[in-house]
Amino acid sequence: MTIKITVPRRTLLVLCGPAGSGKSTFAAQRFIPTSIVSSDYCRAMICDDETNQRVNRDTFGLFDYIIQKRMYLGRFTVADSTALHAAARRKLRALSRRSGYYGCLLIFNTPLEVCLARDKLRQRMVGEQVIAYHFDLLQRALLDAPSEGWEQAHVLGADDMDAEIEVME
């Protein structure tokens, strides 16, 4: 059965999950490119290398700035980063609240083996160690998310990648 999630137009949809979990692909299949604010793309904008973790401070400054500007203009916005750390989710939740936005968290609970297999097929692999670390953080996120104050929080398993997101006008 296909999961159907309905959100208002003034929603910050936060994608949360390990590298290789399918977040970016999921978003690209459902939303116009300009509605997706990707931390990888912001990183590439800063230094021409979306894998360069040394520019994370500037990357997330730009990431947050674009999200804020989109919300200021009343635009539906998708935050595409791992969002695996509670502090990152808190920051995004606070941004949405300050803008009077609805906060929806989508957690991609993709099996470790699937994330690792997808990583091997990527042009820019993040590596087994990073994905294993992300997977550990995911377990914590699954426990913490229900008490973080999101208007909606959904967990998508590997069989839920056909989930539908309806944005109400």
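Just so it is clear, none of the values below were taken in a lab; they were calculated from the coordinates. The shown structure was predicted, so the numbers you read here are calculated from the model rather than taken from an experiment. All Cβ positions, even for glycine, are placed from backbone atoms using ideal geometry, and neighbour counts span all protein chains on display.
Here are the numbers:
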quantity: Largest to smallest principal axis extent of the C-alpha atoms in region 87-169, angstrom; calculated: 40, 28, 24
quantity: Length gained when the stretch A117-L73 is fully extended (0.36 nm per residue, less Cα-Cα span); calculated: 11.9 nm
quantity: Cβ-based net charge around E164, under 13 Å, with every Lys or Arg adding one and every Asp or Glu removing one; calculated: -1
quantity: Environment charge at R9 (Cβ cut-off 13 Å; Lys +1, Arg +1, Asp -1, Glu -1); calculated: +1
quantity: Per-peptide average of other Cβ atoms within 10 Å, ordering 8-17, 111-120 highest first; calculated: 8-17, 111-120
quantity: Highest average packing first - 81-91, 31-41, Cβ atoms within 10 Å; calculated: 81-91, 31-41
quantity: Spacing of the two label points (7 Å from each Cα toward its C-beta) at T25 and L142, in nm; calculated: 2.0 nm
quantity: Cα-projected label distance for M125 with C47, points at 7 Å along beta-carbon direction, nm; calculated: 2.2 nm
quantity: Scattering profile of region 115-162 at q = 0.19, 0.22, 0.28, 0.31 Å⁻¹ [log10 I(q)/I(0), Debye over alpha-carbon scatterers]; calculated: -0.79, -0.92, -1.04, -1.08
quantity: Local net charge near R118, Cβ-Cβ under 15 Å (Lys/Arg +1, Asp/Glu -1); calculated: 0
quantity: Under 5 Å, built H, 5+ apart or other chain: amide partners of F108; calculated: C16, G17, L156
